[in-house]
1. With the structure loaded, tell me whether residue 101 is at pLDDT 95 or above and open to solvent by 40 Å² or more (accessible area, probe 1.4 Å) or whether it fails that test.
2. Keeping to segment 108-127, report how many residues are within 14 Å of the chain's Cα centre (by Cα) and aromatic (Phe, Trp, Tyr).
3. Considering segment 56-82 alone, what residues qualify as being touching a residue at least 40 places away in the same chain (Cβ under 8 Å), among the aliphatic types (A, V, I, L, M) and open to solvent by 40 Å² or more (accessible area, probe 1.4 Å)?
4. Scan (1) at pLDDT 90 or above; (2) out of contact with any Gly (no Cβ under 7 Å at 6 or more places or on another chain); (3) among the acidic types (Asp, Glu) for the single condition residue 125 breaks and write down its number.
5. Return the residues of segment 70-79 that are farther than 20 Å from residue 12 by Cα, at pLDDT 95 or above and not aliphatic (A, V, I, L, M); say none if nothing qualifies.
6. Go through segment 83-97 and count every residue that is open to solvent by less than 90 Å² (accessible area, probe 1.4 Å) and more than 19 Å from residue 43 (Cα to Cα).
7. Return the residues of segment 105-127 that are surrounded by 15 or more Cβ atoms within 10 Å (Cβ to Cβ) and either within 17 Å of residue 69 (Cα to Cα) or polar (S, T, N, Q) (or both); say none if nothing qualifies.
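The values are calculated or read from the model by the stated rules, or taken from the named source; none is laboratory data. What you see is a predicted model; the values in this text were computed from it and never measured. Methodologically, a virtual Cβ is constructed for each residue, glycine included, from the backbone with ideal geometry; neighbour enumeration extends over all protein chains shown. In case anyone asks, the SASA skips ligands and DNA or RNA and just uses the protein heavy atoms, side chains included. Shrake-Rupley method; radii C 1.70, N 1.55, O 1.52, S 1.80 Å.
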Amino acid sequence: MNVFYGGDGRRLAMRNGGTEVFVDVLVLAVSALAREPWHFRFAALLTLQDQSVMGRGVVGFDLAELDWGETSQERAAKKDWLLRVLDLALTRHRWDELTYDPPYAEGDLRTYRAMAEAFDPATAEPGTGVLPGPEDAAMASCVRHRVLDALPYWAGCVFCTAGV
């Protein structure tokens, strides 16, 4: 079971297949909206949720362990961006390009969005190494799939490593 936490005991637990779909649809949305260094660091964090590389049943992260910034303005901007990513994913952005039908993705995205919306970044206690550093941000794009890839961790995006 893979678990994504949202603070205050909130969590989204998914089986391996659900997690793979969750990461796929988020990568599509993150790739469309990433513009600032923190966005690309979050994209790198998503690539680290790739079970094809990391192993099945061992991924997930806690919003409370991410570095949301020093000021309330920084934290608010990052949270707003994450909510926009989730909203874009909920519009089924590029889902027509998936090689499968994601019947449960919308429910998981709605649950995670509610968790993210309720989360207060000011309460975060950043964990060491949870959010990849600026030097490890996902800045490269997979030409074939048009999403941010996992460089410098491994060559390929979540779709390449899954054999899509």
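1. Values: at pLDDT 95 or above: no; open to solvent by 40 Å² or more (accessible area, probe 1.4 Å): yes.
So residue 101 fails the test.
2. Result for segment 108-127: 1.
3. Of everything in segment 56-82, those that are touching a residue at least 40 places away in the same chain (Cβ under 8 Å), among the aliphatic types (A, V, I, L, M) and open to solvent by 40 Å² or more (accessible area, probe 1.4 Å) turn out to be 58, 76.
4. The number of the failed condition is (1).
5. 71, 72, 73, 74, 75, 78
6. Start the filter on segment 83-97 by keeping residues that are open to solvent by less than 90 Å² (accessible area, probe 1.4 Å), which leaves 83, 85-90, 93-95, 97.
With more than 19 Å from residue 43 (Cα to Cα) added as a condition, the list becomes 97.
The qualifying residues number 1.
7. 111, 116, 119, 121, 124, listed by residue number.
Yes/no matrix, rows are residues, columns are (1) touching a His at 6+ places or on another chain (Cβ under 6 Å); (2) touching a residue at least 60 places away in the same chain (Cβ under 8 Å); (3) within 30 Å of residue 163 (Cα to Cα); (4) part of a loop (DSSP other than H, G, I, E, B):
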residue	(1), (2), (3), (4)
99	no, yes, yes, yes
109	no, yes, yes, no
112	no, yes, yes, no
115	no, yes, no, no
122	no, no, no, no
127	no, yes, no, yes
132	no, yes, yes, yes
139	no, yes, yes, yes
